[in-house]
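Reading through the structure tokens given below for one structure.
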Amino acid sequence: MRRAVVVSILMTSVLSVPIWAQDASAAPHYFLQIESTIASEDAADWATAAAMTAKAHARHAEGNLFATYRQLIGGPEEAVRVLFPFNRMADLDAWVSNRQILYETIGRDRGQIVLDDLELGRDSSERVVAYSEKLSRPPESVRASKILWVVEVEIEEGSMAEYSALALRVKKAYDEAGSNQTWLAYGNALGGSRSELTYLHGFEEFGSLDTWPSRMEVLSAAYGEKEAARLSAALASLAKTTTSLWTLESELSQLAGKQ
């Protein structure tokens, strides 16, 4: 991870209330998200540095909360995505540098080694995404799931209103079916295109997927097969969709507040 990216992300003082602590319930209003690629030969050194960074944030009074996910299926390199929750843009004004947190918890010399190893990541990108309550179907309690199925939707320019209307019909069908499938929807607030949406489907084990009906089954039950097919075709014509699976790296995350 390039130092500029690491500092800008881990400097963030996210919340006074730990979103991912055991009493968490509501979806974060925002996530600061970075994605980085680590070459396989650097993965061990980078992970060691990331784990030490997580421990430093857990020990420090001004430490931050974040969840680190690794992509399950991909090429020889490691793709890592880090999510930092916060509820107000004003929370970003109270930044505490990652360098300072490391220096004050493990010392300047050792802290600098950790910072240098964090730079082993490359091709990093960052953005702030904002929660869409309208398009989300959140669980009763929101927390960092062990597995994330991420659905990223790139909507045709100028078609967001039309897409949202169709997506709301999909959500309504799931509500009527009483489905146990939930998701959080986020749109780009800072960085990235405003025509993109990200859906986060969290679950704890792959066996959970056996209880999820297909979207076509849910739509057919709510609107009939003909209308379900028309609705699915309309969504496909308006948006390009990509999916990916990510697994939580607990040792590289800071989920529980100060320890």
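Would segment 223-243 turn up any residue that is closer than 22 Å to Pro139 by Cα, in a strand (DSSP E or B) and in contact (Cβ under 8 Å) with a residue 60 or more places away in the chain?
Checked segment 223-243: at least one residue is closer than 22 Å to Pro139 by Cα, in a strand (DSSP E or B) and in contact (Cβ under 8 Å) with a residue 60 or more places away in the chain.
Quick one: Ser159 ticks every box in (1) touching a helix residue (DSSP H, G or I) at 6+ places or on another chain (Cβ under 6 Å); (2) under 25 Å from Ile73 (Cα atoms); (3) among the small types (Gly, Ala, Ser); (4) outside the structural domain of Glu77 (by TED's automatic domain parsing) except a single one, so which number is it?
Only one criterion is unmet by Ser159, namely (2).
Hey, Thr182 hits all of (1) loosely packed, with under 13 Cβ neighbours inside 10 Å; (2) in contact with a Ser or Thr (Cβ under 9 Å, 6 or more places away or on another chain); (3) not aromatic (Phe, Trp, Tyr) but one; which does it fall short on?
(1)
For Ser220, indicate whether it is in contact with a helix residue (DSSP H, G or I) (Cβ under 6 Å, 6 or more places away or on another chain), free of Cβ contacts under 8 Å to residues at least 40 places away in the same chain and either surrounded by 14 or more Cβ atoms within 10 Å (Cβ to Cβ) or farther than 30 Å from Ala90 by Cβ (or both).
Yes; evaluated as a whole, the condition is true for this residue.
Looking at Glu126, is it under 22 Å from Ser195 (Cα atoms) and touching a Gly at 6+ places or on another chain (Cβ under 9 Å)?
Taking the combined requirement at face value, the residue satisfies it.
Has segment 210-218 got at least one residue that is part of a helix (DSSP H, G or I), farther than 23 Å from Tyr30 by Cα, more than 22 Å from the chain's Cα centre (by Cα) and hydrophobic (A, V, I, L, M, F, W, C)?
We begin by selecting, within segment 210-218, every residue part of a helix (DSSP H, G or I); these are 210-211, 215-218.
Among the residues that remain, those that are also farther than 23 Å from Tyr30 by Cα are: 210-211, 215-218.
Narrowing the set further to residues that are more than 22 Å from the chain's Cα centre (by Cα) leaves 210-211, 215-218.
This time we only want the ones that are hydrophobic (A, V, I, L, M, F, W, C), so: 216, 218.
Yes, some residue in segment 210-218 is part of a helix (DSSP H, G or I), farther than 23 Å from Tyr30 by Cα, more than 22 Å from the chain's Cα centre (by Cα) and hydrophobic (A, V, I, L, M, F, W, C).
Any residue in segment 138-156 that is of a type in the set (Lys, Arg), surrounded by fewer than 18 Cβ atoms within 10 Å (Cβ to Cβ) and farther than 18 Å from Leu255 by Cβ?
no
Starting from segment 115-128, keep only residues that are of a type in the set (Lys, Arg), then list their pairs with residues that are in a loop (DSSP other than H, G, I, E, B) whose Cβ atoms are within a distance under 6 Å, requiring at least 6 positions of separation or different chains.
What qualifies is Arg127/Gly191; Arg127/Gly192.
Given the conditions (1) modelled with pLDDT of 95 or more; (2) over 22 Å from the mean Cα position of the chain (by Cα); (3) surrounded by 15 or more Cβ atoms within 10 Å (Cβ to Cβ); (4) among the hydrophobic types (A, V, I, L, M, F, W, C), report the number of the one that Leu115 does not fulfil.
Result: Leu115 passes all but (1).
Output the residue which, of all residues in segment 195-216 that are of a type outside the set (S, T, N, Q) and free of Cβ contacts under 8 Å to residues at least 12 places away in the same chain, is surrounded by the most Cβ atoms within 10 Å (Cβ to Cβ).
Among them, the one singled out is Leu209.
Inspect segment 82-103 for any residue being at pLDDT 95 or above and of a type in the set (D, E, K, R) and give the result as yes or no.
So far as segment 82-103 goes, no, none of its residues is at pLDDT 95 or above and of a type in the set (D, E, K, R).
The values are calculated or read from the model by the stated rules, or taken from the named source; none is laboratory data. Being a predicted model, the structure only gives us computed values, none of them experimental. Counting neighbours? That spans all protein chains shown, and the Cβs are built from the backbone with ideal geometry, glycine included.
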